[in-house]
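Read through the structure below, which is laid out as structure tokens, and then see the notes.
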Amino acid sequence: MTEMVGYEEAPIVYGEMFKDFIKNFRDEHGRFKYMDRLRRMINFDLQSLSIDFSDLYRYNTELAEALIDNPSEVLREASEAIKELVKLEDPEYAKRKKNFIARIYGLFETIKIRDIKSDYVGKLVQVEGIVTRMHPIRSRMVKAWFRHEKCGGEFEWPPKDEIIGDRVEKPSICPICQEGGGKFVLLKEKSKYIDWQKITLQEKPEDVPGGQMPRSIEVHLTHDLVDSARPGDRITIVGIPRLEQTSTVSPLYEIYLEANSMRVSEKALEEITITREDEEKIKELARDPWIREKIIASISPSIYGHWDLKEAIALSLFGGVPKVMPDGTRVRGDIHVLFVGDPGVAKSQLLQSAARIAPRAVYTSGKGSTAAGLTAAVVRDNKTGEFYLEAGALVLADGGVAIIDEIDKMRSEDRVAIHEAMEQQVISISKAGIVARLNARASILAAGNPKFGIYLENKTFTENVNLPPTIISRFDLIFVVKDKPSLEKDRRLARYILEAHSNVEKFKMEIEPTLLKKYIIYARRYIKPRLSPNAKKLIEEFFVFMRNMAVVGEKETPPIPITARQLEAIIRIAEAHAKMALKDEVTMEDAAEAIRLTMSFLSSVGMTETGEIDAGIIMTGKSRSQIRLYTIILDTIKRLGSDKECVEQDTIVKEVTQATSINEDKVKETLARLYREGYVYKPKSNCFQVVE
């Protein structure tokens with residue numbers, strides 16, 4: 001084989017290729033797409049030009065492939081090309097801005113965070129994930145100015161197009177006097193800086209293989225990319241994996257991502273694409289008159305019965321329509337659902353089934369969750385000592401479903417943290433000088449066990465459940481699941497379970513899981529049903545009728561069966577019911593089903609001892625009759641004990657029973673509860689006084 005002598009292959013000039021692409025690329029309408037963008041960049045005083053990778057690939061495949069394999073060099077030359085074109089358009093602007101950046105969007109392949117290994121270092125990659133940590137913005141030195149004490153000369157370092165790497169290293173020889181002796185003084189004010197920020201990107205929960213920990217990667221943002229995402233945001237990053245040494249003597253390096261471009265997913269679930277073929281299948285499914293029943297039957301088909309619970313899960317997955325009022329007030333569309341029941345009634349299995357079907361879900365257990373883990377935490381960085389934000393489960397579930405099993409096992413101080421997220425759908429943080437509001441627009445699907453192990457019929461819902469009324473009142477639907485023996489029902493249950501264990505294939509979902517996920521995404525993204533006049537009238541009549549029950553009664557303090565909060569819940573449920581069939585209008589059928597579910601919820605949770613529905617049990621934990629008895633007993637003790645140390649129990653009971661005709665046992669029980677709750681105290685045995 002002969003060697004070619006005196007021949008040298010001409011270097012490829014990527015800058016000229018880029019210049020040609022920007023100047024000559026036309027879109028489908030024949031417009032010069034990137035020259036228009038370049039002029040817009042100048043008009044809006046920006047320094048980065050957005051480039052769609054698909055356009056570049058279509059125009060110049062060689063350049064696009066070189067960009068993937070050798071991004072550092074290609075992007076550097078692209079920046080110079082942009083600068084030259086800006087000089088032609090506006091020389092003053094080019095002189096003022098000096099540096100321009102080509103930002104690449106929409107690579108054909110998205111790499112999983114866990115797959116970024118050494119092979120990808122120095123290449124251009126695209127990754128998706130959730131921002132879990134966010135560090136403060138800092139100024140990073142890119143060019144240093146030094147003064148050589150020996151000759152007094154000042155110079156920029158490093159020379160030419162190089163920038164400062166991981167550390168500022170002083171020159172050994174002065175480029176002005178060409179001598180190495182003497183001291184080199186760093187001139188901080190004269191040096192050049194750029195904005196720099198570090199964030200941590202974590203895999204999306206739905207991308208994490210079962211039983212594995214989610215992987216994370218550090219991302220370095222510069223220039224106009226800083227501060228454009230918040231913890232909990234789902235983002236797509238195009239960048240270059242780089243290596244960072246763990247310590248000066250270690251041969252081990254950590255991979256981080258140097259971001260070139262970042263796109264924040266503004267709308268919930270927009271990162272999942274629905275093809276034309278998918279859309280046709282979805283619309284064909286929606287034409288089925290039994291579509292709702294098929295969706296509900298697809299939720300945990302191996303579990304016998306629990307139709308209303310499965311319907312509630314389906315409604316929660318679809319959700320109502322969120323509204324933003326002209327004054328900026330946001331009315332949530334997400335439906336919160338709570339299951340409370342005896343052990344062994346498949347509550348946890350239903351929740352896990354919901355987590356598998358939901359396009360975006362974060363599953364957590366109340367026993368292993370803290371306030372910070374559910375909402376957000378301010379954490380100190382071990383290396384720098386700075387504080388940064390770390391997103392919790394509700395922030396990560398933004399736009400999806402947050403599933404909390406064993407909610408009753410949470411500590412009371414941790415449970416308080418989810419109040420704001422349930423109604424306002426934001427998480428407010430004010431710690432260590434960091435004040436932030438993070439989005440938590442998620443439906444909450446929770447399950448818990450009764451306080452005494454099993455649900456006691458002779459006690460009210462709030463007495464059975466170890467949850468404060470402030471949380472209970474924020475759930476749109478609550479279901480009590482009791483394990484009652486019944487000969488016929490138990491026989492059907494046993495046969496169903498035996499069949500499920502012996503014939504697994506028989507219990508497949510009515511709708512294929514991937515298609516069902518896309519159906520839910522399509523409904524949430526495009527279907528915004530409005531209340532029809534008939535549906536409005538039906539809901540209005542139901543609300544007025546229920547409220548009127550309190551007026552018609554002869555009691556001094558009648559129970560109020562329903563409040564405006566339940567009315568809003570009915571609207572949300574009716575909208576979700578319409579969404580399940582991809583309808584643009586909420587009909588009377590949808591409103592009637594929402595009313596049925598709400599009545600089922602109120603009659604099982606808000607029932608008083610006398611068999612009346614009282615929304616006060618849900619809102620405050622006490623019925624209006626209980627509150628009235630509380631005030632009568634407290635007023636009696638105040639009146640009788642105004643001039644003495646305390647009032648005997650027998651005297652209190654006698655006075656109250658005579659005034660109200662309530663039996664003695666009930667008065668004694670209420671008095672004991674007042675003592676437990678700290679409204680009264682005992683200076684001596686069986687003698688009470690009011691706590692002032």
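Each reported figure results from applying straightforward, stated rules to the coordinates on display, with no laboratory input. Since the model is a prediction, treat every value here as computed from it, not as a measurement. Heads up, the Cβs are rebuilt from the backbone with ideal geometry, glycines too, and the neighbour counts pull from every protein chain shown.
Tabulated data
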read-out	value
Selection from 438, 418, 401 lying farthest towards where the dipole of segment 344-447 points positive, charges on Cβ	401
Counting DSSP beta bridges with both ends in the chain, the antiparallel % (nearest 5)	70 percent
Peptide ranges 457-468, 655-666, 581-592 listed from the most packed, as the mean C-beta count within 10 angstrom indicates	581-592, 457-468, 655-666
Using distinct alpha-carbon pairs, which all enter the 1/r mean, Kirkwood radius of segment 624-690 in Å	11.6 Å
Dipole magnitude of the chain, debye to nearest 20 (Cβ charges: Lys/Arg +1, Asp/Glu -1, about Cα centre)	1200 debye
Peptide ranges 14-26, 185-197 listed from the most packed, as the mean C-beta count within 10 angstrom indicates	14-26, 185-197
Protection proxy ranking, peptides 60-67, 234-241, average beta carbon neighbours within 10 Å, highest first	234-241, 60-67
Sum of -39500 (n - 2.57) over DSSP H runs of 4+, divided by residues of the chain (222 nm, nearest 500)	-11000 deg cm²/dmol
Label point distance in nm, residue 349-residue 664, each placed 7 Å from Cα along Cα→Cβ	5.1 nm
Tensor-based shape of segment 14-105 (alpha-carbon gyration tensor, a/c under 1.5 rounded, otherwise prolate or oblate)	oblate
Normalised contact order of the chain, rounded percent, pairs of Cα under 8 Å and 6 or more residues apart	10 percent
Per-residue HN-Hα couplings for segment 51-60 [Karplus 6.51, -1.76, 1.60; θ = phi - 60°; Hz; x = Gly/Pro]	10, 7, 4, 4, 5, 5, 5, 5, 7, 8
Percent antiparallel among DSSP beta bridges (both partners in segment 276-526, rounded to 5)	40 percent
Cα-based helix-to-principal-axis angle, 71-89 vs the chain, degrees rounded to 10	80 degrees
Rh by Kirkwood over Cα pairs, then Stokes-Einstein D for segment 473-542 at 1.567 mPa s and 4 °C, µm²/s	75 µm²/s
Cα lying deepest toward the dipole's positive end in the chain, options 175, 21, 453, charges on Cβ	453
Of 644/666; 654/684; 367/583; 281/310; 482/536, pairs whose Cα-Cα distance is over 28 Å	367/583; 482/536
0 to 90° range, to nearest 10: angle between helix 564-580 axis and the chain longest Cα axis	60 degrees
Karplus 3J(HN,Hα) series, Hz, for segment 357-363 with 6.51 cos²θ - 1.76 cosθ + 1.60 (x for Gly, Pro)	7, 4, x, 9, 8, 10, 9
Share of pairwise Cα separations in the chain, more than 34 Å, in percent	60 percent
